[in-house]
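The values are calculated or read from the model by the stated rules, or taken from the named source; none is laboratory data. In this text, all values refer to a predicted model and were calculated from it rather than measured experimentally. Ideal geometry is used to build each Cβ from the backbone, glycine not excepted, and the neighbour counts take in all protein chains shown. Calculation scope for accessible area: heavy atoms of the full protein, side chains included, ligands and nucleic acids excluded. Shrake-Rupley method; radii C 1.70, N 1.55, O 1.52, S 1.80 Å.
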Amino acid sequence: MIIQTKTDIIPSEITPKSVFDNRREFIQKAGLGLIAGTASILSNPLKAATLNSGTTSEGAGKLLGRANAPAIIKATEFARHQKIMGYTKTTYGMGEKLTAYEDVTTYNNYYEFGTDKSEPVNNSKLFKPHPWTVSIEGEVKKNKSISIEDIYKLAPLEERIYRMRCVEGWSMVIPWIGFPLAQLVKWAEPNANAKYIEFISLADKQQMPGQNLQVLDWPYIEGLRMDEAMHPLTIMAVGLYGEQLPNQNGAPMRLVVPWKYGFKGAKAIVKIRFVEKMPMTSWMKAGPREYGFYANVNPQVEHPRWTQSSEKRIGAGLFAGRIKTQMFNGYNEQVGQLYAGLDLRKNF
């Protein structure tokens, strides 16, 4: 028998405890994570690839540096994604040891494609991130929309190496390609009433079979305070490792805020709303005692089920020790002033 402690990395995702406790029931009712009506989406060549790839549970465990991992498909067994040309490498994260591409693209929290870490890479293969349009609404000069092609033109693309800390107590180091969110905000022309920004992801049960399970109230919604959105570290990512974003990582565009827990990074964004009041985000609604609006990485404020004082770096190896978690994920010098005078225990 394996006894799990608070500091273990466990295969559950950032699910409210009531959902996690009843997960087996969800899976039984849904037919291994999918309800009837989505079988055609998941009955794709990836399933056969999983069976024929020779990737065993043991091999996957070695690949991702953890034991008892489910069988997965290695990202390298897929055709690589289209290269992004003309981006600039920056000094952000220089000297950090990158998490392997295979780990970044096969160990994902993306409930729209399943609640196990290995499901998004399998279940998102038929997702179509093109064509793509993002609507701009709310407290702006005028409502409008913009295509993903025009989003690419808003600002020069940069590669930024950021640490990513999951609320579950694991972390990665990822070379994102994107541009400052501030440039998109400027283009949107918010008015003086805009105090917060709400990011709304795609809701499409056909393309996103995980949405057939009411783990969350779809569509996925996240939000930032305006000064957080305008901070130079906050980016809209359109790629990683020199390529367009894979579907399982949030294609075609996702939010990246490196000093916050990973669930703040809304993926497959289709709508951006500028609002006067703090928006109710998906995880706030699902578990208000566990997931607050700010979600700043704070080793001094524990999650009820996971320690926040240390983390396991994915891919570091099965016997690698945990590392100490830094305040604001190590970006305290850059962002600490945003929260001066704010009680971070109450505003978690």
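Per-residue answers, yes or no, for (1) without any contact (Cβ under 8 Å) to a residue 24 or more places away in the chain; (2) closer than 27 Å to residue 345 by Cα; (3) of a type in the set (Gly, Ala, Ser); (4) touching a helix residue (DSSP H, G or I) at 6+ places or on another chain (Cβ under 7 Å):
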position: 247; (1), (2), (3), (4): no, no, no, no
position: 271; (1), (2), (3), (4): no, no, no, no
position: 279; (1), (2), (3), (4): no, yes, no, no
position: 291; (1), (2), (3), (4): no, yes, no, yes
position: 295; (1), (2), (3), (4): no, yes, yes, yes
position: 322; (1), (2), (3), (4): no, yes, no, no
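Assess whether residue 186 counts as being among the basic types (Lys, Arg) and either within 22 Å of residue 221 (Cβ to Cβ) or not in a helix (DSSP H, G or I) (or both). It is false that residue 186 is among the basic types (Lys, Arg) and either within 22 Å of residue 221 (Cβ to Cβ) or not in a helix (DSSP H, G or I) (or both). Per the listing 339, 331, the residue uniquely of a type in the set (Phe, Trp, Tyr), closer than 30 Å to residue 85 by Cβ and either out of contact with any Ser or Thr (no Cβ under 9 Å at 6 or more places or on another chain) or touching a residue at least 12 places away in the same chain (Cβ under 8 Å) (or both) is 331. Of the strands (runs of 3 or more DSSP E) lying entirely inside region 110-168, the ones with 2 or more residues being under 29 Å from residue 294 (Cβ atoms), within 20 Å of the chain's Cα centre (by Cα) and of a type outside the set (Phe, Trp, Tyr) are found at 158-165. If I filter region 250-257 for residues that are in contact (Cβ under 8 Å) with a residue 12 or more places away in the chain and farther than 20 Å from residue 81 by Cβ, do I get at least one hit? The answer is yes, given that some residue of region 250-257 is in contact (Cβ under 8 Å) with a residue 12 or more places away in the chain and farther than 20 Å from residue 81 by Cβ. Quick check on my filter: what residues within region 151-194 are charged (D, E, K, R) and open to solvent by less than 30 Å² (accessible area, probe 1.4 Å)? Of everything in region 151-194, those that are charged (D, E, K, R) and open to solvent by less than 30 Å² (accessible area, probe 1.4 Å) turn out to be 159, 160, 165, 168. The residues of region 305-348 that are out of contact with any Asp or Glu (no Cβ under 7 Å at 6 or more places or on another chain), of a type in the set (Val, Ile, Thr) and outside any loop (DSSP other than H, G, I, E, B) amount to a single one, 335. Sub-7 Å Cβ pairs linking a first residue in region 138-162 that is over 25 Å from residue 87 (Cβ atoms) to a second residue that is assigned to a strand (DSSP E or B) and not aromatic (Phe, Trp, Tyr), at least 6 apart or interchain, are 138/273; 138/275; 139/190; 139/275; 140/190; 143/136; 143/137; 144/136, ordered by first then second residue. For region 318-334, state whether one or more residues are open to solvent by less than 20 Å² (accessible area, probe 1.4 Å) and touching a Gly at 6+ places or on another chain (Cβ under 6 Å). The answer is no, given that none of the residues of region 318-334 is open to solvent by less than 20 Å² (accessible area, probe 1.4 Å) and touching a Gly at 6+ places or on another chain (Cβ under 6 Å). What strands (runs of 3 or more DSSP E) lie completely within region 203-304 and have 2 or more residues being modelled with pLDDT of 95 or more and more than 16 Å from the chain's Cα centre (by Cα)? Correct list: 269-275. Within region 212-247, being open to solvent by 10 Å² or more (accessible area, probe 1.4 Å) and of a type in the set (S, T, N, Q) holds for 212, 214, 244, 247.
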